[in-house]
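Engineer: Before I ask anything, let me first share the structure, which is written out below as structure tokens.
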Amino acid sequence: MTARTCLTIVLAAGEGTRMRASRPKVLHTIAGKSLIGHVLAAVGEIGGAVAVVVGPAQGVVVRAADIALPAVEIFVQEERRGTAHAVLAARPALARGPSDVLVVFADTPLITARTLARLREALASGADIAVLGFRPADASGYGRLIVDPTGALVAIREEKDASPDERRIALCNAGLMALSGRTALAILDRIGDDNAKREFYLTDAVAIAAGMGLATRALETEEDEVRGVNTQAQLAEAEAALQRRLRAAAHEAGVVMFAPDTVHLCADTKFGRDVTVEPYVVFGPGVTIEDGAVIRSFSHLEGASVGPGARVGPFARLRPGARLDADVHIGNFVEIKEARFAAGAKANHLAYIGDASVGAAANIGAGTITCNYDGHDKHRTEIGDGAFIGSNSALVAPVKIGERAYIGSGSVITRDVPADALALGRARQSVKEGWAARLRALLGTGRKPP
Ligand code: UD1
Ligand code: CA
């Protein structure tokens, strides 16, 4: 078989008014990634040329698309006049005559490359138009697939234009469509706007193709793969569906998660072997957990890497730039930002370590704080291998603590400490023998204590 070429047109020009948000709809995120980012990841897997249609003045969407999939071609739909009108904004790309044209919506983030490939297979096996159907629990808002008594797909009816009988049809339009490149433009150019919304509906392509005697085909898929996001509630439903998918993949990869419903993952969360994630853990974007690490309950991680055998939490917060090497222990109420912990280092309780490096096997006592910010600039703290930072110490950056040095508890350290030294930076304790007893004897006499 000679290779068929493919053009995928991603529609992202809609206004997303139903989101009631100032941010463009397709830049809302699920599992830490924008809706359009998810779609372009699936589209990128199938290869071929990719065109993204955006609205006017949507530079932010263009940038997001470029980052998600370099080499996309951008087209601007100057006026939002419907999905078919949006597809035709990419006319120059269509005119290049690809064998297959795929139209996908940037607001349908859970679509997989596998299903896009199925739509292309339908074209390869003779269909001129293939659409994707599904049976949602709640069909409201979706177009309905109209199938004639012989089982042939003859039309798609938008809900606003559907008769009460048609509204009872359970099989809905997922929005995605595959068109043979040979006939795509001829079909698209015949679509008009004679409907309830006075828009050029892509869905009309089916009735037009059927009328031209072309072969139409409907494929079916699961609701979770084609949930469209038009509202905040649907965004949350898509998030829930994606979380189920990501948790299943983590389980499949051997991650021990005994309360998976309470664990929030990101699309890019990476796990090694024999990792345990306890209940109620949130993974933000950019987290890698290596072999044998344990993430205990109520921890929040973002932009962090956790080395092999490390233990994090309960109640730990790893912010962007937290890098934990092998066997590091980070305990409760410890916050780490932009800091590297070398192998075996520990911060077991109540600490803030930011803009720092912590040497191998160093021990950070409870209540230690790196004072990294002077109100204007951030400064670094360097702690050598095997150093021991006594509890409740403030390390005022920029400052270096040498290897194996000791910092006395409660110190405020403002100058560098050499290796193997003891540094004390606190008021000397004084003791007054018998003072408390003398005070008690005077209480109630009106006389002042000594
Ligand atoms: C669309 C389908 C509907 C289907 C549903 C599935 C049409 C006419 N209707 O309805 O049959 O059941 O998706 O989720 O196709 N867009 C543009 N320019 C426009 C209008 C829309 O780029 O002028 C883009 C939007 O950004 C969005 C996509 O096209 O990514 C779909 O538009 P939307 O308005 O959300 O269509 P639905 O009403 O959901
Ligand atoms: Ca939609």
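No value in this document is a laboratory result; all are computed from the given coordinates. Treat the numbers as computed from the prediction; the structure is a model and nothing was measured. Cβ placement follows ideal geometry from the backbone for every residue including glycine, while neighbour counts extend to all protein chains displayed.
Engineer: Given R₀ = 22 Å, FRET efficiency for residue 22-residue 160 by Cβ-Cβ distance, to 0.05?
Structural biologist: It comes out at approximately 0.25.
Engineer: Listed highest first by mean packing, meaning other Cβ atoms within 10 Å per residue, what order do 184-193, 365-374 come in? Could you put the intermediate results ahead of the total?
Structural biologist: Numbers: 184-193: 17.3, 365-374: 19.3.
Final packing ranking: 365-374, 184-193.
Engineer: Can you give the angle from 0 to 90° between the axis of helix 35-46 and the longest principal axis of the chain, with both taken from C-alpha atoms, to the nearest 10?
Structural biologist: For helix 35-46, the angle is close to 60 degrees.
Engineer: Which order do the peptides 41-47, 311-317 come out in when sorted by mean C-beta neighbours inside 10 angstrom, highest first?
Structural biologist: Those peptides, ordered most packed to least, come out 311-317, 41-47.
Engineer: Can you give the calculated 222 nm mean residue ellipticity of the chain, where each DSSP H run of n ≥ 4 adds -39,500 (n - 2.57) and the sum is split over every residue, rounded to the nearest 500 deg cm²/dmol?
Structural biologist: Numbers: 10 runs with 90 residues, N = 450.
Helices in the chain give a 222 nm mean residue ellipticity of -5500 deg cm²/dmol.
Engineer: Around residue 171, what is the net charge, scoring Lys/Arg as +1 and Asp/Glu as -1 over all other residues with Cβ under 9 Å from its Cβ?
Structural biologist: Taking every Cβ under 9 Å from that of residue 171, the sum is +1.
Engineer: With the cut-off at 1.5 for a/c, could you classify segment 146-202 from its C-alpha gyration tensor as rounded, prolate or oblate?
Structural biologist: It is oblate, given that a/c is not under 1.5 and a/b is not larger than b/c.
Engineer: Can you tell me how much longer the chain between residue 124 and residue 137 gets when fully stretched, taken as 0.36 nm per residue apart minus their C-alpha distance, in nm with one decimal?
Structural biologist: On the way: separation 13, 0.36 × 13 = 4.68 nm, distance 3.15 nm.
Result for the pair: 1.5 nm of gain on full extension.
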